[in-house]
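This report concerns only the one structure given below.
Just so it is clear, none of the values below were taken in a lab; they were calculated from the coordinates. All of these numbers come straight from a predicted model, not from anything done at the bench. Counting neighbours? That spans all protein chains shown, and the Cβs are built from the backbone with ideal geometry, glycine included.
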Amino acid sequence: MHDTVTVEYLRWIVLLPLLGAVLNGVTGAAIQKALGKRAISVIACAPVVLAFGLAVRAFVQLRALAPESRLLLDRLFTWMSVGGLHVDIAFQADPLSAVMVLVVTGVGGLIHIYSIGYMHDEKSYWRYFGFLNLFTFAMLTLVLADNLLLMFVGWEGVGLCSYALIGFWYTDWDKASAGSKAFIVNRVGDFGFMLGTFLLFWILSGLGHPTLAFREIGAQAHLLAGQTFAGMDAVTLITLLMFVGACGKSAQIPLYVWLPDAMAGPTPVSALIHAATMVTAGVYMIGRMNFLYSMAPTTLAVVAFGGALTALFAATIGLAQNDIKRVLAYSTISQLGYMFLAMGVGAYAAGIFHLMTHAFFKACLFLGSGSVIHGMHGEQDMRRMGGLRRWMPYTYWTFLISTVAIAGIPPTSGFFSKDEILWKAFSSAHGGVVLWAMGFTGAGLTAFYMFRQVFMTFHGECRADHHTQEHIHESPAVMTYPLVALAVLALVGGFVGVPAALGGANEFEQWLAPVFGHGHAAAHAGHHVEWSEYLLMGLSVAIAVTGILVARAMYLTKSLSPDSFAELAHGKPYRVVYNKYYVDELYEAVFVNGTLWLTRVAAWFDQHVIDGIVNGAAQVTTMVSWLNGLFDNYVIDGLVNGIATVVNFVGGRVRRLQTGSINAYLYVVVIAVVGVMIARLF
Amino acid sequence: MIGLPHYLVVSLIVFLLGLYCVLTRRNAIGILMGVELILNSANINYIAFARYSSGGYDGQVFAVFVIMLAAAEATIGLAIVLGIYQTFQTIDVEATETLRG
């Protein structure tokens, strides 16, 4: 292993947001009353901005090091030491962590600033920022942790904050239950993650290396090859279990159902947690454990296929949604699917690249939709919008740029990252035409539904009622500046990863190469057939443009009627898609009602069997005690009373002897003496 | 010549007188006096047997012992009688039968 550079400032990246969270969370109400919301904003935003500064410092320091020794370590103290296991509270920054930290603090910082404007009229302003900071803390713990256990702390922490912020307006039943849904579905995934961790630790302990630190697992990973558990390949099992955790956190089939409902939270929360950062935790985790995934081709196939299926599936649902945030939610699920597709074909760098660009444009889209909702006074239905570009130029242009980016039009960031993924899906040793075709179709659908959204929201005639129309306004500068910053990033962010085919050096991939050594090599296997890369590139741009044109024809020029498509095959496909494939209903029927049915069975069992046993036991006890009582009354008492009666009877007779007359006693004495004497004589 | 049988007869007479006195008296003090007679008849026997046996002073010693015992007995007896009198205002033993069963 290479020497690691020990530093002291990584901890502050994590601890600063925690400080903000504690300040705002504990004393926020008092501060807000005494000093106003401005003080709360400063307490909340300053730590994240400072953390971003430190992250940049870490990035610069890493760049200065030789590529293979790029690892900063900040060890605080030993957390626990049990047997051979030593777990540290320690943070590490390698190229992968550095990218994640920059995204979390950078995009997160912008969203914090944006929130100042968006949440301005909120009464529990301090509570919102407290949770937002706590979330940032947990997310940074997750990406900077140097061992699985500390990572799991962050993993659970982001889930908790997600729950708290989805249900931020907890007086609304629907929103509160959306929070619970997110938490419960996430728990299913977390369970898999924990099992995976346990299994990994167990098997490593069995091999004499009880450790959970990533570097040590990485160093010992070769020992795991060939190990089996319960008849299955251990590495496959471990990675599959961890993938279940990633599915829950990153909203993949079948555990994606919580993410659309998570839109009940404030829009900046959707942007930060449910688009840019938390939902990418699963992708990050696979990237972090890439040495294990590379050892398990079966798992990679599952990840790739699950990702591609999710990408396509969620995109089709996105076609028919009318809620501005729901479209974005399904789009997020779909884009996460692309990231998993990349991970599954061993193109880890491409997945992380898309993670980063997606963070830029999806955060921008969400914040843009938040700006729209803000301007429309809470309206979220796109059918009652339209023509908004007249009132909201900043929002419109930033939203448009990000939409172009997500559609994958060159030279925006989305083009480079998505195309990289599609190319790797096609060319990688783990990929294939089927995976590529799924991603390719999804890309066309993405372009269509995103431009449908743009046209419905910003173009055409305004369909809002008169009163709302009068009050539509552009958002304040504190909200538009972050939008502009994110739009610029969405536009140019892709240039760090220009592929070799387009004359670039793909610096992003090179930057991550020390972390993804093996996968990097595998993904490069088929790089000599460059003409097919150009062909695929052309095809994906073509399908994106087609999607845009169809959307334009349907929703802008109205030369194509969307209704005629909706009526296809008697409207059945449309209804299925509009109702999100009835997955929620299916889960409701199977899991919710199944659980209810199970509880009813348990209740019946409880009432009839358990209660019967308890009552039966009581009756037997009553019976036995009744018999006992009889024995007591008649035998024991009879004995006691009988003895008393005998004594009484004898006493009654004997008392006659006691005459009280001394003369009588003396007579007895004399007669007795005489009697004895006579007896002696004869 | 007066021999052992004479003493024993006197002793028997005194014993019988005492016994009669004890059995028939209703006066507590009378009973005590009867007891004294019985004790003294025993003393006569002791002395007589001591005189007419092979010699030695065992009998005399016992007689003196019995006299001493009789004195103690009379003391305690009289004290009891005094107590009875204070409680019942009488020393008639027929009247004091509180302990009759």
Cα-based Rg / Dmax (Å) for chain B: 16.9, 55
Amide H contacts under 5 Å for A:LEU76, restricted to residues at least 5 apart in sequence or on another chain and with H modeled in the peptide plane, are A:ILE89, A:ALA90, A:PHE91
For A:PHE229, the residues 5 or more places away or on another chain with a placed amide H closer than 5 Å to its own amide H are A:ALA234
For A:LYS249, list the aspartates and glutamates whose Cα falls under 13 Å from its own Cα; do not include residues on the same chain fewer than 8 positions away. A:GLU156, A:ASP190
May I have the convex hull volume per residue, in Å³, for the Cα set of the stretch A:178-245? 84
Whole-Hz Karplus couplings 3J(HN,Hα) for the stretch A:89-105, θ = phi - 60° and coefficients 6.51, -1.76, 1.60, Gly and Pro as x, run 7, 9, 10, 10, 10, 10, x, 5, 4, 4, 4, 4, 5, 4, 5, 5, 6
I need two numbers for the protein assembly as shown: Rg to one decimal and Dmax as a whole number, Cα atoms only, in Å. 52.7, 180
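Given the stretch A:390-429, what whole percent of its Cα pairs are spread farther than 14 Å? Don't jump to the answer; show the numbers that get you there.
Details: 420 of 780 pairs.
Looking at the stretch A:390-429, the distances longer than 14 Å represent 54 percent of pairs.
Roughly how many debye, to the nearest 20, is the charge dipole of chain A about its Cα centre, given +1 on each Lys and Arg Cβ, -1 on each Asp and Glu Cβ, and no other charges? Please list the in-between numbers first.
Values: 37 positive and 38 negative charges, 271 e Å.
Around 1300 debye, computed over chain A.
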Find which of A:VAL635, A:GLY378, A:THR280 sits farthest along the positive direction of the dipole of chain A, computed with +1 on the beta-carbon of Lys and Arg, -1 on that of Asp and Glu, about the Cα centre. A:VAL635
Using the Cα gyration tensor of the stretch A:278-345, with a ≥ b ≥ c the square roots of its eigenvalues, what is the shape: rounded (a/c below 1.5), prolate (a/b larger than b/c) or oblate (neither)? oblate
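Which net charge results for the neighbourhood of A:GLN32, defined as the other residues with beta-carbon distances under 14 angstrom from its beta-carbon, given Lys and Arg at +1 and Asp and Glu at -1?
+3
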Dipole axis of the stretch A:82-177 (+1 Lys, Arg; -1 Asp, Glu on Cβ), positive-most option in A:ILE116, A:THR136, A:PHE91: A:ILE116
Can you run phi through the Karplus equation (6.51, -1.76, 1.60; θ = phi - 60°) for the stretch A:179-193 and list ³J(HN,Hα) in whole Hz, with x for Gly and Pro? x, 4, 4, 4, 5, 5, 4, 4, 4, 4, x, 4, 4, x, 4
On a 0 to 90 degree scale, rounded to 10, what angle separates helix A:148-166 from the longest Cα axis of chain A? 80
In order through the stretch A:306-311: 3J(HN,Hα) via Karplus (6.51 cos²θ - 1.76 cosθ + 1.60), integer Hz, x for Gly, Pro: x, x, 5, 4, 4, 4
Longest principal axis of chain A (C-alpha) makes with the long axis of helix A:530-555 (C-alpha) an angle, in degrees to the nearest 10, of 80
Pull up all non-local amide H partners of A:ILE253: gap of 5 or more, or a different chain, and H-to-H distance under 5 Å with H placed in the peptide plane. A:THR310
Rg and Dmax [Cα atoms of the stretch A:65-123; Å; Rg one decimal, Dmax integer]: 18.1, 54
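Suppose we take every Cα in the stretch A:305-406 and form the convex hull; what volume per residue is that in Å³? Working shown, then result.
Values: hull volume 8.2 nm³, N = 102.
About 80 Å³ per residue, rounded to a whole number.
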Apply the Debye scattering formula to the stretch A:582-665, with a single equal point scatterer on each alpha-carbon and no solvent, then give log10 I(q)/I(0) at q = 0.13, 0.19, 0.26 Å⁻¹. -0.74, -0.93, -1.10
Counting Lys and Arg as +1 and Asp and Glu as -1, each charge on the Cβ, what is the dipole of the stretch A:106-236 about the Cα centre in debye, to the nearest 20? 100
As I understand it, the dipole of chain A uses +1 on the Cβ of Lys and Arg and -1 on the Cβ of Asp and Glu, about the Cα centre. Which of A:PRO210, A:PHE605, A:ALA246 lies farthest toward its positive end? A:PHE605
State the antiparallel share, in %, of DSSP beta bridges confined to the stretch A:5-578, rounding to the nearest 5. 90
Nearest 10 degrees is fine. How inclined is helix A:234-249 to the longest principal axis of chain A, computing both from alpha carbons? 80
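Defining a contact as two alpha carbons under 8 Å apart and six or more residues distant in sequence, what relative contact order in percent does chain A show? Before the final figure, lay out each step's value.
Working: 1109 pairs, mean separation 76.5, N = 682.
Relative CO of chain A lands at 11 percent.
Provide the FRET efficiency to the nearest 0.05 for the B:ARG51-A:PHE649 pair, computing r from the beta carbons and using R0 = 51 Å.
Calculated value: 0.35.
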